[in-house]
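To start, the structure under review is shown below, and the notes come after it.
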Amino acid sequence: MKLRPPASLRPAGLRRRSLLAAALAVAGTAQAQAPAGEGGYRFSPVPQQAIPLVAAYWNPILAWVSARSGVRLTLKISRTSAETTSYVLGQEVEFVFTNHLFSPEREQLGWKVIGRRLTPPVHGQLVVPAESPITELAQLEGKDVAFPGPEALVAYKVPYAHLLSRKIAAKPVFGGNMDGALAQLYSGKVAAAGANSQLVEGHARREGRKYRVLWSSEPFHDLALMAAAKVPEKDVKAVAAAFAEMHKDPKGLEILNQVSQQIGLTVEAHFITSDGSEYGAYRRFYQTAPATLR
């Protein structure tokens, strides 16, 4: 299904704004802290790959982090990045792995960065198959371009904002996640794809694909581990410490190596603590982004 901003994005945008308004109303009141209880907390990562790969990566990590921290984390997988954000706005999860909460409005919700994955900085890119006759952005005028989804900041908002700034009227087509967008690219259904450099590289390594980069953005740090304001500080600290210690433990390191290879990450990828100060590039984007992409 093709979605062509701004008209076709308007209903989804209104729904997101309604959810945001409701979430802000709750965030503005005195929040009761949520005890973990027997059910623990729900953890939802932005689905950067197909659902089976998302589960294969995160389930072993969350099992180790839960055992080390004493705080049970249960994986809640969404089908799309927009669905992950709706979980946040609907207060259906307590921990997330995302880069969708750095707009001025969403930062008011009180979510706190507690860590990030240590990988090389990522870039928003516009890519084509290696054999494509397209060699420059202007050739995308009037053509279909695949993106993961309307909430994907690095892979959709950043490259599409660049196309708009160049007055190139490409037609966005959403694939649900990065793998879905790349499947459309390599099947010839679209002329190009907006991509997260880390994900398109990992996909190419995993699937044996070759591609060319038409344009690349400034660097952005990988997604952030974040905790909701309602989670007690002792639980937040325990979870953050467990993620940061995982690569230092022999069993934890073995798990990280195994799951990273499954999604095309290098074995050096692991988690470190963060206070959120590294995410200035995201905040700068929202200062100048077109209104339809904020």
Practice task
Go through (1) open to solvent by less than 10 Å² (accessible area, probe 1.4 Å); (2) modelled with pLDDT under 95 and name the single condition Glu83 misses.
Solution key: (1)
Practice task
Filter region 246-265 down to the residues that are at pLDDT below 95 and in contact with a Gly (Cβ under 9 Å, 6 or more places away or on another chain), then identify the one that is surrounded by the fewest Cβ atoms within 10 Å (Cβ to Cβ).
Solution key: Gly264
Exercise for the section: Would you be able to say whether some residue in region 202-215 is of a type in the set (A, V, I, L, M), crowded, with 21+ Cβ neighbours inside 10 Å and at pLDDT 95 or above? Expected result: no
Exercise for the section: Being within 15 Å of Lys167 (Cβ to Cβ) and open to solvent by less than 40 Å² (accessible area, probe 1.4 Å) is the filter here, so list the residues in region 127-144 that pass it. Expected result: Leu137, Leu140, Gly142
Problem - Residue list for region 210-243, restricted to those being farther than 30 Å from His162 by Cβ and touching a strand residue (DSSP E or B) at 6+ places or on another chain (Cβ under 6 Å) - result: Ala227, Val236, Ala240, Phe243
Practice task
Please work out which residue is modelled with the lowest pLDDT, limiting yourself to region 47-62 and to residues that are open to solvent by less than 60 Å² (accessible area, probe 1.4 Å) and of a type in the set (A, V, I, L, M, F, W, C).
Solution key: Ala50
Exercise for the section: Collect the residues in region 91-130 that are more than 26 Å from Gly40 (Cβ to Cβ), of a type outside the set (S, T, N, Q), part of a loop (DSSP other than H, G, I, E, B) and touching a helix residue (DSSP H, G or I) at 6+ places or on another chain (Cβ under 8 Å), keeping them in residue-number order. Expected result: Phe102, Pro120
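Report whether or not Val236 is part of a helix (DSSP H, G or I), out of contact with any helix residue (DSSP H, G or I) (no Cβ under 6 Å at 6 or more places or on another chain) and either open to solvent by 20 Å² or more (accessible area, probe 1.4 Å) or closer than 20 Å to Glu94 by Cα (or both). So that I can check it myself, show each step before the final result.
Working: part of a helix (DSSP H, G or I): yes; out of contact with any helix residue (DSSP H, G or I) (no Cβ under 6 Å at 6 or more places or on another chain): yes; either open to solvent by 20 Å² or more (accessible area, probe 1.4 Å) or closer than 20 Å to Glu94 by Cα (or both): yes.
Taking the combined requirement at face value, the residue satisfies it.
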Problem - Looking only at region 96-131, and only at residues there that are among the basic types (Lys, Arg) and at pLDDT 95 or above, the one that is farthest from the chain's Cα centre (by Cα) - result: Lys112
Fill in the blank from the handout: Looking across region 70-80 at residues that are surrounded by fewer than 20 Cβ atoms within 10 Å (Cβ to Cβ) and touching a residue at least 60 places away in the same chain (Cβ under 8 Å), the single one that is nearest to Gly180 (Cα to Cα) is Arg79
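Give Asp222, Asp275 a once-over and let me know the one that is at negative phi, in contact with a Ser or Thr (Cβ under 7 Å, 6 or more places away or on another chain) and part of a loop (DSSP other than H, G, I, E, B). Write out each step before concluding.
Numbers: Asp275 fails: in contact with a Ser or Thr (Cβ under 7 Å, 6 or more places away or on another chain).
On inspection, the qualifying residue turns out to be Asp222.
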Practice task
Could you pull out the residue among Pro172, Pro150 that is under 20 Å from Arg79 (Cα atoms), at pLDDT below 95 and crowded, with 21+ Cβ neighbours inside 10 Å?
Solution key: Pro150
Practice task
Could you check Pro219 against (1) surrounded by 19 or more Cβ atoms within 10 Å (Cβ to Cβ); (2) within 18 Å of the chain's Cα centre (by Cα) and say which number it fails?
Solution key: (1)
Exercise for the section: State the number of residues belonging to region 153-167 that are in contact (Cβ under 8 Å) with a residue 40 or more places away in the chain and touching a helix residue (DSSP H, G or I) at 6+ places or on another chain (Cβ under 7 Å). Expected result: 6
Practice task
Select from region 94-110 the residues that are farther than 12 Å from Arg283 by Cβ, hydrophobic (A, V, I, L, M, F, W, C) and in contact with a strand residue (DSSP E or B) (Cβ under 8 Å, 6 or more places away or on another chain) and write down the one among them that is surrounded by the most Cβ atoms within 10 Å (Cβ to Cβ).
Solution key: Phe95
Problem - Selected residue (only one of Ser197, Ser187 is modelled with pLDDT of 95 or more, closer than 22 Å to Ala50 by Cα and crowded, with 20+ Cβ neighbours inside 10 Å) - result: Ser197
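The values are calculated or read from the model by the stated rules, or taken from the named source; none is laboratory data. Given the structure is predicted, the values throughout are model-derived calculations rather than measurements. Reconstructed Cβ throughout: ideal geometry from the backbone, glycine too, with neighbour counts over all protein chains shown. Heads up: the accessible areas ignore ligands, DNA and RNA and are worked out on the full protein's heavy atoms, side chains in. Shrake-Rupley method; radii C 1.70, N 1.55, O 1.52, S 1.80 Å.
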